[in-house]
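Chemist: Right, I'll just put the structure down here and ask away after.
The values are calculated or read from the model by the stated rules, or taken from the named source; none is laboratory data. Fair warning: this is a prediction, and the values are worked out from it, not measured in the lab. Cβ sites come from the backbone with ideal geometry, for glycine too, and all protein chains shown count toward neighbours.
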């Protein structure tokens, strides 16, 4: 995996299209495992529930074209998508809040396959500080700025702290040199315009699912 950043090379792409590209990639990888060499927009559409026209439009952002009546070459499409999505580059990260969710993310070795390498966890609890999870060291929160600026040099902060300290922790991360925050808390933090913020609220997704379940016929 290359230790670099693809941001400066990426074309502007609408966020809905960007969210769909990993779906296509997952299905295309499955087809490769099944021994297929080519895939068409129509084949992807049947499995992903997105129209072939939309898929072709989404793939146009990644500078790859298919062959008439044949489709896209699978190996080439995987390479192009993984590079475009940043999955082939190492994005250094730190994690704040080593509770149950934070610990689970540290233990998830699969994140590195998608380009996110968490180099350290930070917490304030004596029982977790100076331990390791998945061989990732846990430091005291107060050590973050010095460690990040001198040795870790992470650009992404994963936020899994309690909601009542989410904003002050985000401010602290930015002070320490973090340029992107992956926020798992239910609190909608505010960041400067030059900071990338990605909110991933499992509670919000649960609320949507519960609401839709209530609407199903009995």
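Chemist: With surrounded by fewer than 18 Cβ atoms within 10 Å (Cβ to Cβ), without any contact (Cβ under 8 Å) to a residue 12 or more places away in the chain and outside the structural domain of residue 179 (by TED's automatic domain parsing) as the only criterion, which of 68, 151 stands out?
Modeler: 68
Chemist: Scanning the range 30-62 for residues that are in a loop (DSSP other than H, G, I, E, B) and touching a helix residue (DSSP H, G or I) at 6+ places or on another chain (Cβ under 7 Å), which turns out farthest from residue 113 (Cα to Cα)?
Modeler: Residues of the range 30-62 that are in a loop (DSSP other than H, G, I, E, B), as a first pass: 34-37, 40, 49-51, 61-62.
Right, trim to touching a helix residue (DSSP H, G or I) at 6+ places or on another chain (Cβ under 7 Å) and you get 36-37, 50-51, 61-62.
On the way: 36: 22, 37: 23, 50: 26, 51: 28, 61: 23, 62: 20 Å.
By that ranking, first place goes to 51.
Chemist: Criterion first (more than 30 Å from residue 167 (Cβ to Cβ), at pLDDT 90 or above and surrounded by 12 or more Cβ atoms within 10 Å (Cβ to Cβ)) does residue 48 satisfy it?
Modeler: Against the criterion (more than 30 Å from residue 167 (Cβ to Cβ), at pLDDT 90 or above and surrounded by 12 or more Cβ atoms within 10 Å (Cβ to Cβ)), residue 48 does not qualify.
Chemist: Could I ask something else about it? Collect the residues in the range 186-215 that are at pLDDT 95 or above and assigned to a loop (DSSP other than H, G, I, E, B), keeping them in residue-number order.
Modeler: 189, 190, 191, 192, 193, 194, 195
Chemist: Please count how many residues of the range 44-54 are more than 23 Å from the chain's Cα centre (by Cα) and under 15 Å from residue 78 (Cβ atoms).
Modeler: The initial filter retains those residues of the range 44-54 that are more than 23 Å from the chain's Cα centre (by Cα), namely 45-46, 51-53.
Within this subset, residues satisfying the condition of being under 15 Å from residue 78 (Cβ atoms) are none.
So the count comes out to 0.
Chemist: While we're looking at this one, here's another question. Give the range 104-134 a look and list any residue that's surrounded by fewer than 18 Cβ atoms within 10 Å (Cβ to Cβ), under 21 Å from the mean Cα position of the chain (by Cα) and over 20 Å from residue 180 (Cβ atoms), or say none.
Modeler: 104, 107, 109, 134, listed by residue number.
Chemist: Out of all the residues in the range 73-89, which are part of a strand (DSSP E or B) and under 21 Å from residue 114 (Cβ atoms)?
Modeler: Scanning the range 73-89 gives a single hit, 89.
Chemist: Taking residue 172 and the conditions (1) within 23 Å of residue 104 (Cβ to Cβ); (2) touching a residue at least 24 places away in the same chain (Cβ under 8 Å); (3) not in a helix (DSSP H, G or I), which numbered condition does it fall short on, given that it satisfies the others?
Modeler: Only one criterion in (1) within 23 Å of residue 104 (Cβ to Cβ); (2) touching a residue at least 24 places away in the same chain (Cβ under 8 Å); (3) not in a helix (DSSP H, G or I) is unmet by residue 172, namely (3).
Chemist: I'd like to check something: does the range 175-183 contain any residue that is modelled with pLDDT under 95 and either more than 21 Å from residue 142 (Cα to Cα) or in a strand (DSSP E or B) (or both)?
Modeler: No, every residue in the range 175-183 fails to be modelled with pLDDT under 95 and either more than 21 Å from residue 142 (Cα to Cα) or in a strand (DSSP E or B) (or both).
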